[in-house]
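First the structure, in the form of structure tokens, and then the observations on it.
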């Protein structure tokens, strides 16, 4: 049971980290001017900081998962479920396009996760 909680936690933190990074970088905007000032602006944006904290926490929890689980099981599960959730969050929060091709891709990913998990 604890293994599943750790895996789900790592997935949620990973997805939140990417979502927060995207929200923060939407506020920062595209690169303009010197890289050093752009980096400073990025690293002082609350959503970027929250994204980095979430992402580092995800990696830390994932390391705990790896200590208890096969890599060939944990990595595909984390990446595939994370990818599906990222597509959904991108559509819901960032209004990114969601086509029939993405639905088909999500279905194939989920079938792949089931097959790899067997």
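Listed by first and then second residue, the pairs with beta-carbon distance under 7 Å, at least 6 apart or on different chains, first residue in the stretch 89-117 and free of Cβ contacts under 8 Å to residues at least 24 places away in the same chain, second in a helix (DSSP H, G or I), are 96/90; 98/91; 102/87; 106/84; 106/87. Which condition breaks for residue 97 when tested against (1) closer than 29 Å to residue 27 by Cβ; (2) modelled with pLDDT of 90 or more; (3) assigned to a helix (DSSP H, G or I)? For residue 97, the failing item is (3). Can you tell me which residue in the stretch 73-92 is surrounded by the most Cβ atoms within 10 Å (Cβ to Cβ), limited to those that are touching a helix residue (DSSP H, G or I) at 6+ places or on another chain (Cβ under 8 Å) and within 15 Å of residue 3 (Cα to Cα)? Checking each candidate, the answer is 78.
When 66, 50 are checked against the criterion of being assigned to a helix (DSSP H, G or I) and either within 15 Å of residue 26 (Cα to Cα) or modelled with pLDDT under 90 (or both), a single residue qualifies: 50.
Residue check: is residue 12 under 25 Å from residue 111 (Cα atoms), in contact with a helix residue (DSSP H, G or I) (Cβ under 6 Å, 6 or more places away or on another chain) and in a helix (DSSP H, G or I)?
Details: under 25 Å from residue 111 (Cα atoms): yes; in contact with a helix residue (DSSP H, G or I) (Cβ under 6 Å, 6 or more places away or on another chain): no; in a helix (DSSP H, G or I): yes.
Spelling it out, it is not the case that residue 12 is under 25 Å from residue 111 (Cα atoms), in contact with a helix residue (DSSP H, G or I) (Cβ under 6 Å, 6 or more places away or on another chain) and in a helix (DSSP H, G or I).
The values are calculated or read from the model by the stated rules, or taken from the named source; none is laboratory data. Everything quoted here is computed from the prediction, not taken from an experiment. Using ideal geometry, Cβ is built from the backbone for each residue, glycine included, and neighbour counts are taken over all protein chains shown.
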